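The values are calculated or read from the model by the stated rules, or taken from the named source; none is laboratory data. Worth saying up front: this structure is predicted, and the values here are computed from it rather than measured. Note that each Cβ is placed from the backbone with ideal geometry, even for glycine, and that neighbours are counted across all protein chains shown.
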Amino acid sequence: MVHIFKLLYGDLRNRQGRFAALQWLLREYPGELGVQLRARLYRHYFGKVGSRLRIGQNVLIHNPQFIFAGNGVSIGESNIVDAAGTVEIGDSVMFGPAGRIWSGEHSPDCPPGSGKVTIGSNVWIGAGVCVLPGALIGDGVVVSAGSVVGHSAVPCFKIVAGNPARVIGAREPSQPASDSLSEQERT
């Protein structure tokens with residue numbers, strides 16, 4: 001039993017270990033209180049984060065020190081964010097549930113930070129979307145549920161869908177992202 005406490009104490013002495021313990025304690029805390037607790041406490045571990053951060057239940061974050069987020073970022077339930085190669089998120093970005101963001105490259109030939117993921121402002125990322133290293137998602141983009149955005153750039157104010165994600169439409173800059181998909185595309 002003493003050995004377990006020594007291991008735990010060792011983990012809590014470094015920043016990454018403290019974040020892992022905090023995440024373990026709060027990940028499944030339900031309701032609005034859980035959302036607010038995660039946002040308030042996790043923000044101290046992010047590289048930079050603006051106001052109005054929301055983090056849903058069961059969100060798993062690796063390397064939070066490489067996440068740079070703007071104002072009004074909402075990460076839906078059961079997302080996984082691995083920011084080994086840096087994740088930059090603009091203002092007013094909403095992630096649906098069960099998405100994945102991977103920014104770390106697996107090749108030893110790739111320099112650190114080469115897998116950077118950049119997400120612009122006013123972006124809506126649907127449920128189950130996978131964003132891979134090197135993705136650049138422009139301002140005002142809507143990524144349809146279940147899409148895979150790979151090592152490519154998505155132009156501003158486009159609607160993308162599929163695996164790999166392809167442009168299927170466009171939207172007006174003044175149009176809210178949630179109104180951009182037809183009823184059939186939302187389901």
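A count restricted to the stretch 108-152 and to residues that are of a type in the set (D, E, K, R) and modelled with pLDDT of 95 or more stands at 1. Could you please let me know if V35 is more than 14 Å from the chain's Cα centre (by Cα) and either at pLDDT 95 or above or over 18 Å from G126 (Cα atoms) (or both)? The answer is yes for V35. Tell me which residues, restricted to the stretch 46-74, are within 15 Å of Q36 (Cα to Cα), in contact (Cβ under 8 Å) with a residue 24 or more places away in the chain and either more than 10 Å from the chain's Cα centre (by Cα) or in a strand (DSSP E or B) (or both). Those that are within 15 Å of Q36 (Cα to Cα), in contact (Cβ under 8 Å) with a residue 24 or more places away in the chain and either more than 10 Å from the chain's Cα centre (by Cα) or in a strand (DSSP E or B) (or both): V49, G50, G56, Q57, N58. Which count do you get for residues in the stretch 80-95 that are in contact (Cβ under 8 Å) with a residue 40 or more places away in the chain and surrounded by fewer than 21 Cβ atoms within 10 Å (Cβ to Cβ)? Of the residues in the stretch 80-95, 2 are in contact (Cβ under 8 Å) with a residue 40 or more places away in the chain and surrounded by fewer than 21 Cβ atoms within 10 Å (Cβ to Cβ). Only a single item in (1) modelled with pLDDT of 95 or more; (2) under 24 Å from A153 (Cβ atoms); (3) among the acidic types (D, E) is not met by E105, and it is number (1). Give the residue, chosen from R15, R52, that is among the basic types (K, R) and modelled with pLDDT of 95 or more. Testing whether each residue is among the basic types (K, R) and modelled with pLDDT of 95 or more leaves just R52.
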